[in-house]
Every structure is written in C-alpha cells, then in structure tokens.
Amino acid sequence: MMKITEVAKKLGTTQRTIRFYEEKGLIAPKKASNGYRIYTEEEVGDLRTILALREVGLSTKEIKKALDHNDDFTNYLHNQRSWLYEEMLQIRDTVATVERMIEVSRREEEEESMMDMARELKALKEKRTNWRDRWNFDEQAEDYDDNIKTTGYRFNVHEHYNEALSKAHAWVEASAEERGVDIGAGTGNLTGLFLQQGIPMVAVDQSKEMLKVCAEKHPQTDTRLGHFLSLPLNDKEADFIVSSYALHHLTDEDKELALAEMDRTLGDNGRVVIADLMFRDDSHRKSVLESYQESGNEEAVEAIEDEYYADRSRLIRWWEEHGYKVEAHPFNSILHLLYAEKVERRIPNE
Ligand SMILES: C[S@@+](CC[C@H](N)C(=O)[O-])C[C@H]1O[C@@H](n2cnc3c(N)ncnc32)[C@H](O)[C@@H]1O
C-alpha cells in the first residue's frame with residue numbers, strides 16, 4: 001500500500017495528475033481512516049499503464065473504457081497507430097504545401113496559386129480520410145474463406161482465385177531476407193503463401209475482423225489496421241508489396257493515391273504485385289458490360305457496377321510515369337495480374 005506522494009515519486013508524475021485520473025474515474029483508490037488515499041500494487045500498475053497510454057495520445061475516455069471492460073490494450077494501440085499514420089501524412093502534405101507556397105510567394109501571381117494549393121491540400125486531406133467501407137468487411141470475415149470457394153453463380157468473381165494468388169506469389173520472387181506487405185490482406189490467403197516460405201509479412205487491412213481471422217490462421221503475421229490511402233508503414237519499409245482482390249474498392253482517382261502510398265513505403269528496387277478485378281481500359285469495360293447485358297446476366301452487371309474495377313491502362317500509365325517497369329497477365333476478362341518494379345531509380349546515376 002502506498003500514499004499518493006510515494007506513488008507520484010515512484011512513477012515520476014505529480015499528485016495533481018493522479019488526482020485528475022481519479023476525477024475521470026480511471027482509478028478509485030480507497031481512503032484510509034485518516035482520510036489519505038491508499039494505493040494498492042494493482043492501482044499503481046494501472047496508473048503506470050494509464051501514464052504510458054496517455055503519452056502516446058490515447059484519450060482518458062478510451063483508457064477508461066478499456067479498464068472498465070478489462071479489454072486488451074493492443075486493440076486500442078492498433079487504432080492509435082493507424083490514426084497517427086494518418087495524422088503524420090496530413091502533416092507531411094501540409095508541410096509540402098507550405099514549402100510550395102513559400103516558393104511562389106516570391107513571385108507576382110502568388111494569391112491565385114496559393115489558393116489553388118490550399119484547395120488541392122484540402123482535397124488531398126479529404127481523400128485520405130473519407131474512404132468508407134460500404135461493403136461491411138467486418139461482417140464478411142468469418143465466412144470469407146468459405147464464400148470464395150462457392151461456384152455455380154452466373155458470375156463468379158473468384159474464378160481463378162487460387163491461380164491468381166499463386167502467380168502473384170511466384171512473380172514476386174521473394175528471397176529469405178526480404179520483408180513483404182499485403183494490403184487489403186483480408187483473411188491472409190496471399191500472406192500465407194509467403195509465410196510458408198519463411199518470409200516475414202505485414203498484413204494491412206481496414207477491417208479488424210478480417211485481421212483477427214488472419215492472425216488466427218497465421219499467428220506470425222504482423223497485422224496492422226490501416227488503409228490504402230494512408231498506410232501504417234514507414235517510408236521504404238517494404239521490399240515488396242502484394243495485394244489481391246482489394247484495390248477495386250477504391251475509385252480510379254483514389255487508386256492513384258494508393259499507388260503513391262505504395263511508392264512511399266516501398267524500398268529501392270521494390271516491386272508491387274496486384275491481382276485484382278479490372279478491365280484493360282474503358283472501351284474493354286464497356287464491351288464486357290454490354291456482353292453481360294445482352295446475355296441478360298444482371299448479376300454480373302450489378303456486381304461490376306457496385307465496385308470500381310480498375311482501368312488497367314491507367315494503373316500502368318501511373319507506374320510508367322513514376323519510373324516503374326510493368327508487366328501484365330490476364331486470367332480471364334476481368335481478373336488480371338500486374339507486376340511493377342522500381343527500375344529507373346534502381347541505381348542512382350545508372
Ligand atoms: C475481397 S477481400 C480480399 C482479401 C484477400 N486479399 C484475398 O485475396 O482473399 C478485400 C479486402 O480488402 C480490404 N479493403 C478494402 N478496401 C480497403 C482499403 N481502402 N484499405 C485497406 N483495406 C481495404 C477489405 O477490408 C477486405 O479485407
């Protein structure tokens with residue numbers, strides 16, 4: 001049992017801070033007969049946790065919720081990491097805009113272009129934060145692996161699923177000392193192919209439930225809650241990035257921001273392999289849709305229109321403009337594999 005002065009000293013904090021947490025209901029020490037608060041070892045332990053979590057930005061409300069429900073703090077830390085990466089990118093975007101503003105402020109036509117830059121920045125911030133899961137992947141997580149086996153629909157988006165994942169895995173040609181990232185990893189089917197090879201993998205997904213299933217199947221995975229438009233990864237952290245059946249949940253515009261995010265997090269010589277639903281280009285999309293319409297396959301038309309199958313030519317153009325070598329392989333009219341490797345920046349001054 002300890003008094004408040006001793007606890008404050010032991011934890012390197014102030015009595016005022018401890019009282020504040022008491023007022024917020026995070027701890028409830030008993031009072032001795034002389035009126036002094038008495039802290040048990042357990043309460044000192046809780047205070048230590050509270051101080052550490054406050055330091056990394058968790059609110060007293062969240063901490064109280066976790067303590068009240070005896071929750072695992074890891075989940076709260078995962079949320080916090082995801083949010084911090086989002087914040088970090090927003091600060092970077094803002095700094096870059098300020099730099100550009102300083103640059104143009106030296107010139108005559110400054111006001112107009114500063115306004116344009118501010119608008120661009122606002123649009124970018126919105127893009128990074130506005131993506132919403134309207135398919136409710138959390139609810140799909142438990143049955144996902146069974147559902148992809150389903151055949152017999154008039155339109156089966158999972159036709160060639162296993163072939164696509166195997167080829168994506170093979171095309172990466174990962175070596176033992178590399179570290180990979182799977183974005184939109186879901187239940188970790190593609191991640192698993194690399195893990196079998198002994199390659200450490202980070203699985204990023206915006207769905208907690210998908211990541212839960214992934215971690216149950218592959219406990220060695222480094223699961224990270226986060227999304228395509230602000231990846232919970234440091235610059236150049238990945239040797240390779242893979243993604244299967246996920247990018248088509250982003251609009252074509254957002255896909256380009258997602259490619260830029262992959263580029264940020266990919267090391268020199270890095271490669272990206274994407275297996276996803278897409279069309280070769282816009283006229284291919286129209287002709288495929290027309291043929292489904294003509295054959296009365298409404299299931300196919302609705303499925304395609306509910307998502308954002310990529311325009312493959314647009315993805316390839318983005319990569320080529322950013323110094324990547326690209327290769328493509330179609331499995332069927334809507335499922336393609338894309339391989340992109342950073343080559344022009346491979347060896348500086350090559
Ligand atoms: C159809 S599942 C594919 C899962 C797995 N990659 C596979 O091939 O089986 C799509 C996954 O992408 C994730 N996803 C969709 N949009 C995302 C986004 N913007 N950021 C991160 N994950 C996303 C979903 O949560 C879901 O787990």
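The values are calculated or read from the model by the stated rules, or taken from the named source; none is laboratory data. Here the structure is a predicted model, which means the values were calculated and not measured. Using ideal geometry, Cβ is built from the backbone for each residue, glycine included, and neighbour counts are taken over all protein chains shown. Quick note on the areas: whole protein, heavy atoms, side chains included, nothing else; ligands and nucleic acids left out. Shrake-Rupley method; radii C 1.70, N 1.55, O 1.52, S 1.80 Å.
Please work out if E321 is modelled with pLDDT under 95 and either open to solvent by 10 Å² or more (accessible area, probe 1.4 Å) or at positive phi (or both).
So E321 fails the test.
Please work out which residue is farthest from A238 (Cα to Cα), limiting yourself to the stretch 164-189 and to residues that are surrounded by fewer than 15 Cβ atoms within 10 Å (Cβ to Cβ) and more than 13 Å from the ligand (Cβ to nearest atom).
Per the stated criteria, the residue is A170.
Inside the stretch 117-163, can you point out the residues that are open to solvent by 60 Å² or more (accessible area, probe 1.4 Å), within 23 Å of L211 (Cβ to Cβ) and in contact with a strand residue (DSSP E or B) (Cβ under 8 Å, 6 or more places away or on another chain)?
Passing the criteria: none in range.
In the stretch 190-206, which residue that is away from the ligand (no atom under 11 Å from the Cβ) and in a helix (DSSP H, G or I) is most open to solvent (accessible area, probe 1.4 Å)?
Filtering the stretch 190-206 for residues that are away from the ligand (no atom under 11 Å from the Cβ) and in a helix (DSSP H, G or I), the one most open to solvent (accessible area, probe 1.4 Å) comes out as Q196.
Out of curiosity, is L84 under 30 Å from L211 (Cβ atoms) and modelled with pLDDT of 95 or more?
It is true that L84 is under 30 Å from L211 (Cβ atoms) and modelled with pLDDT of 95 or more.
Of the conditions (1) more than 17 Å from L335 (Cβ to Cβ); (2) open to solvent by 60 Å² or more (accessible area, probe 1.4 Å); (3) not polar (S, T, N, Q), G296 clears all except one; give me its number.
Answer for G296: the failing condition is (2).
List the number of the failed condition for T94; all other conditions in (1) assigned to a helix (DSSP H, G or I); (2) touching a residue at least 24 places away in the same chain (Cβ under 8 Å); (3) open to solvent by 50 Å² or more (accessible area, probe 1.4 Å) hold.
With respect to (1) assigned to a helix (DSSP H, G or I); (2) touching a residue at least 24 places away in the same chain (Cβ under 8 Å); (3) open to solvent by 50 Å² or more (accessible area, probe 1.4 Å), T94 is out only on (3).
Quick check on my filter: what residues within the stretch 46-64 are in contact (Cβ under 8 Å) with a residue 40 or more places away in the chain and either within 25 Å of the chain's Cα centre (by Cα) or open to solvent by 60 Å² or more (accessible area, probe 1.4 Å) (or both)?
Passing the criteria: only K64.
Take H158 and tell me if it is modelled with pLDDT under 95 and either within 13 Å of the ligand (Cβ to nearest atom) or not assigned by TED's automatic domain parsing to the domain that holds S333 (or both).
Details: modelled with pLDDT under 95: yes; either within 13 Å of the ligand (Cβ to nearest atom) or not assigned by TED's automatic domain parsing to the domain that holds S333 (or both): yes.
Spelling it out, H158 is indeed modelled with pLDDT under 95 and either within 13 Å of the ligand (Cβ to nearest atom) or not assigned by TED's automatic domain parsing to the domain that holds S333 (or both).
Only one residue in E103, E139 is in contact (Cβ under 8 Å) with a residue 60 or more places away in the chain and either outside the structural domain of Y21 (by TED's automatic domain parsing) or not in a loop (DSSP other than H, G, I, E, B) (or both). Which one?
Working: E103 fails: in contact (Cβ under 8 Å) with a residue 60 or more places away in the chain.
Exactly one residue qualifies, and that residue is E139.
Counting just the residues of the stretch 119-155 that are of a type in the set (G, A, S) and modelled with pLDDT of 95 or more, which one comes out farthest from the ligand (Cβ to nearest atom)? Reasoning before the result, please.
Narrowing the stretch 119-155 to residues of a type in the set (G, A, S): 123, 141, 152.
Keeping just the survivors that are modelled with pLDDT of 95 or more gives 123, 141.
On the way: A123: 17, A141: 7 Å.
Once the filter is applied, the top-ranked residue is A123.
Go through T17, T13, T74 for me and flag whichever is in a helix (DSSP H, G or I), farther than 26 Å from L211 by Cβ and of a type in the set (V, I, T).
Just a single option satisfies the conditions, and that option is T17.
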